[in-house]
1. Which of the peptides 67-74, 85-92 is most tightly packed, and how do the rest follow, judged by the mean count of other Cβ atoms within 10 Å per residue?
2. By per-residue mean of other Cβ atoms within 10 Å, what is the highest-first order of 18-26, 35-43?
3. Shape call for segment 13-115 from the C-alpha gyration tensor, a ≥ b ≥ c root eigenvalues: rounded (a/c under 1.5), prolate (a/b greater than b/c) or oblate?
4. Which value in nm describes the separation of the simple spin-label points at Arg30 and Asn57, placed 7 Å from the Cα toward the beta carbon?
5. Based on C-alpha coordinates, I'd like the Rg and Dmax of segment 57-104, in Å.
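Please treat every number below as a calculation from the coordinates, not as lab data. The structure displayed is predicted, hence computed values, not measured ones. Here the Cβ is made from the backbone with ideal geometry for all residues, glycine too, and neighbour counts use every protein chain on show.
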Amino acid sequence: MRAERDSRNGVPERDLTKKLGLRIVEIRKRRGWSQARLAARLGVPRESLGKWERGLNAPSLKYLSALSEVLEVPLGELGLGWTPKGPISTAELKELTRCCAAMGRLLKPWMDRKKE
């Protein structure tokens, strides 16, 4: 079976979800928090957070924003692994826009299911 790929960069969506999960774990541990503590702060079941961290599911845009706020990291660092070093250049902003569009495509199936 062929993995679905992001049409622009050829990266399997599963890999994007896995990388996001690893960043959530890294940042959570850097804060010294357990899964239970972070899940409680987000208002989600610990099992859902665990699935995000293992890359089995991706959080909705609502929860990506909440993760960014609760973990006190820019969305770019959380979602893309970028650590800001100063103002964002035009090229970086274009890349961020491209990556956000890819993330939107990745999250669309979950958003569609929630509407049903």
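1. Result, highest mean Cβ count within 10 Å first: 67-74, 85-92.
2. Descending mean neighbour count gives 18-26, 35-43.
3. Judged from the Cα gyration tensor, segment 13-115 comes out oblate (a/c at least 1.5, b/c at or above a/b).
4. The modelled label-to-label distance comes out at 2.6 nm.
5. 11.0, 32
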